[in-house]
Amino acid sequence: MKKNYCFWCLIFILSNTSLTHAQLTTEINPQLVNKVWSAKWIQHTYNNDQFGVYHFRKSFSLKAIPNKFIIHISADNRYWLFVNGKRICTGSSKGDLKHWQFESLDLAPYLSLGKNTLAIAVWNFGEFRPASQFTAGTGLVVQGNSELEQVANTDTTWLVCENTAYTPVFENHKYIGAREIFFGPRSIPKWEMPQADERNFKKAILADNAVPISVDVDSKRKLIQRIIPLPEEKEERFANIRNKEENNIKDDFIKGIGAQSFGPWANNSILIDLEHLTTAYPEIKVSGGKGARITLTYMEAPFINVKQEYKGNRSEVKGKIIDGVSDVFYPNGDTDFVYRPLTYRTFRYIEIKLDNYQDQLVIKDFKTKFTAYPFEEKASFKSNDKSLADIWRVAWRTARLCAYDTYMDCPYYEQFQYIGDTRIQALVSLYMSGDDRLMRNAIQQFYNSQNSEGLTQSRYPNWQNQIIPPFSLFWVLMIHDHWLHKGDAAFAKQFSKGIENVLAWHISRIDSKTGMLGVLEHWNFVDWPKDWPWLGIDQISGVPKGTEKGNTSIHTLQLVMVLQKSADLFKDLGYSIKAKEYLSIANHLKTNTYKNCWDENKNLLADHIDKSNFSQHANVLATITELSPKINYKELMNKTVKDTNLVQCTVYWRFYLNQAMKKAGLGNQYIEMLTPWHNMLSLGLTTFAEKPEPSRSDCHGWSASPNYDLLATVLGVNPASAGFKTVNISPNLGELTFAEGTIPHPNGNISVKLKKTNLDGIDAEISLPKDISGVFVWKGEKVKLNGGNQIIKIK
């Protein structure tokens, strides 16, 4: 049985503690913003850059319970905080060394008269850490917000003990870090409880000063307050055991209604199915089993062919290969021993492999706690096509699982915040929840990654540098998206210089001979079609053919698209001269791209100046940028969709294909273009995959795009001016006879209810927030909209 151990993990020994959410606050003493903190970073040993798991403790006494007890806490790499034995929260939210995030928490609800104990588990995977995790060495800092709370400040009164039960296993970690083995006999039982035995603890060692980002003092980490909420956590129960007959066992222990015993020398492989993919903390409670080995293997789904990444129907398991990332632990024989990873896992299936030896092993319970960024589903969509409800549900789950303390491309394999993925994910978030906090966090982090060339990292946070110039352009689009939907000009303005730097890098590479973008350095990824091998080598690269020679229409028009959006943004921000400059350059590039790449015989835009290759991507961009008045965009996009000889957009770029169809007046074809998503549902996927089968990742954030388009294309709700101050509602029902939905707006909700009355007529009920105006468009007829409810009938 093959094991692909690329997931970093920890097993955490708890005393049946459950999560009690801390109260995250933005309150902070101004002196803690402008001065070095009185608390210090503390650590266990002077050699603190290696793998290690450490338990820190501090007890203090209170004569009265305060109304507020605010602390500011951070750790390297990450931590779990307990107050008087209750598990409160995890952190720190991901950042880089110049922007190291801390959480501000009000602990007053968890304090008691008399003795109180803060207990914090801190772990650092050192060289085995995930690629998205920066580190300056293991450390913990806790700063009280005022004199009252400074009793909690980290100093040498804190105690610390290393938990040597943990061992990393570094095997093909690649991006997410090492897996780990936990040896129960070395565990420190009930270390987080107030009455814990502290004989093996020692005084913590003082390390660095704790320095806020605004203070001009050298420090390994510059501290910045977390701006996103704490992750959600809620209990889920597994659905069934897929091979219980083979093991002659019952499923009572996964339902929490009974236990399952395994005798000495028992060897069992138990395949448990949640029946949908999740990001969660598995929790297993065992008694006995001293000397046993328990392996938990997490899978999106079993494989038919691992090398080819072929899984087939995700709900079918018979005869398939168990292959995934694993935790391994050895019980110490105690009663009611609870194992829970410190970091969440991604899975639909978990295989429990038991190798029992000396004693009877009893599994008392096995459950899971879902966790993700706490997006609320405020949008809704309903239509007469019931299959769209399935797409809506699965796309939303996809979006949820690809967001934690950053957006992620996928929760199982990489957990990277890529710009190309994040732009689509952020639009989905805005339309589904109205919550822009994770979007703002992402925009800021990409800005923080900008290098001396003026380009952003393609994915960030990330200590394995990677540059994709088109993704730097899409970062600019994210800023435009936020401005258009939220209208925060001050937020956008702080990135104006960064935008100029990205555009300047690209503009400086315009070929003076062709007037198009010339040769571009770095990895100029566009999409994942199988037709784009890397410079003729038999491997997928995502780069259009001819890119190495420069002068591709695709890269040139991506720049045009961003120049056009930047001009709109800069004009609104008061940079009219720069806006005119960008429009002039965009028009120059359009003229030369049409001249060099338009094929009069095919009536298509070629990918490259040599006109040897053609793709949907080039013609999508020709339509979005309005390349030339000579082009009939409706004819072009009809041909682009129907011509199977063109390089096809995969799931990622179908987002842009759909925007081009809408711009060409073909939005009514959107529903019939959802075939790839229907195909994924037919394969038993409970989230949407990275690309058509075979797909490595079963859950990819960019594949959640239908939830945006069901609202923005089918219902047709779009901002008509910055901040969504005016709205354009231009429905594209296609073959639907009825559709309705709700979209969160900065001033309230927009609700739309549509019903066809005949082939061309429409009855519409529209509700806009107060002081919002707009226009309703149907078959070329326009009706003015105002705040409040209105009924429209067009025959």
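Return the sequence-ordered ³J(HN,Hα) values of segment 468-476 in whole Hz as given by the Karplus equation 6.51 cos²θ - 1.76 cosθ + 1.60 applied to θ = phi - 60°, using x for Gly and Pro.
Going residue by residue, I get 10, x, x, 5, 4, 5, 5, 4, 4 Hz, with x marking Gly and Pro.
Please give the Cα centre distance for segment 742-795 versus segment 622-698, rounded to the nearest Å.
27
Along segment 485-490, what does the Karplus equation 6.51 cos²θ - 1.76 cosθ + 1.60 (θ = phi - 60°) give for ³J(HN,Hα), rounded to whole Hz, x for Gly and Pro?
8, 10, x, 8, 5, 5
Would you mind checking the tilt of helix 437-448 against the longest principal axis of the Cα atoms of the chain, expressed as 0 to 90 degrees and rounded to 10?
Tilt relative to the chain: about 80 degrees.
Could you tell me the largest-minus-smallest coordinate of the C-alpha atoms of segment 691-795 on each of the three principal axes, in descending order and whole angstroms?
Largest to smallest, the principal-axis extents are 48, 35, 19 Å.
Can you give the FRET efficiency for N786 and E626, using 1/(1 + (r/R0)^6), R0 = 25 Å, r = Cβ-Cβ distance, to the nearest 0.05?
The calculated FRET efficiency here is 0.20.
Going by the alpha-carbon gyration tensor, a ≥ b ≥ c the square roots of its eigenvalues, is segment 23-85 rounded (a/c under 1.5) or, if a/c is not under 1.5, prolate (a/b greater than b/c) versus oblate?
oblate
Explain nothing, just compute: Karplus ³J(HN,Hα) = 6.51 cos²θ - 1.76 cosθ + 1.60, θ = phi - 60°, for every residue of segment 160-169 in order, whole Hz, x for Gly and Pro.
Result, ordered by residue: 8, 9, 7, 9, 7, 6, 8, 9, x, 10 Hz.
Amide H of T686: which non-local residues (sequence gap of 5 or more, or other chain) have their own amide H closer than 5 Å, using H built in the peptide plane?
L277
Order K782, K662, most accessible first, counting only protein heavy atoms with a 1.4 angstrom probe.
Per-residue accessible area, sorted high to low, gives K782, K662.
For segment 473-542, what class follows from the C-alpha gyration tensor (a ≥ b ≥ c being the square roots of its eigenvalues): rounded when a/c is under 1.5, otherwise prolate if a/b is larger than b/c, else oblate?
oblate
Sort K244, K663 by accessible area with a 1.4 Å probe, largest first.
K663, K244
May I ask you to give the percent of accessible area on segment 16-89 that is carbon plus sulfur, with a probe radius of 1.4 Å?
Roughly 48 percent, rounded to a whole number.
For K545, which lysines qualify as cross-link partners when the Cα separation must be under 19 Å and same-chain residues fewer than eight apart are set aside?
K530, K602, K611
Classify segment 144-209: rounded, prolate or oblate, from the alpha-carbon gyration tensor (a ≥ b ≥ c, eigenvalue square roots; a/c under 1.5 rounded; otherwise prolate if a/b is larger than b/c)?
Oblate.
Taking amide H positions as placed 1.01 Å from N in the peptide plane, with prolines and chain starts having none, which residues 5 or more places from F102, or on another chain, fall under 5 Å of its amide H?
Under 5 Å from the amide H of F102 lie the amide H atoms of I224, Q225, R226, each far enough along the sequence or on another chain.
Can you spot the lysines whose alpha carbon is less than 25 Å from K793's alpha carbon? Ignore those fewer than 8 places along the same chain.
K382, K662, K663, K725, K753, K755, K756, K770, K779, K782, K784
The values are calculated or read from the model by the stated rules, or taken from the named source; none is laboratory data. Everything numeric here is computed off the predicted structure, so don't read it as measured data. Don't worry about glycine lacking a Cβ; one is built from the backbone with ideal geometry, like all the others, and counts go over all protein chains shown. Heavy atoms of the whole protein, side chains included, go into the accessibility calculation; ligands, DNA and RNA do not. Shrake-Rupley method; radii C 1.70, N 1.55, O 1.52, S 1.80 Å.
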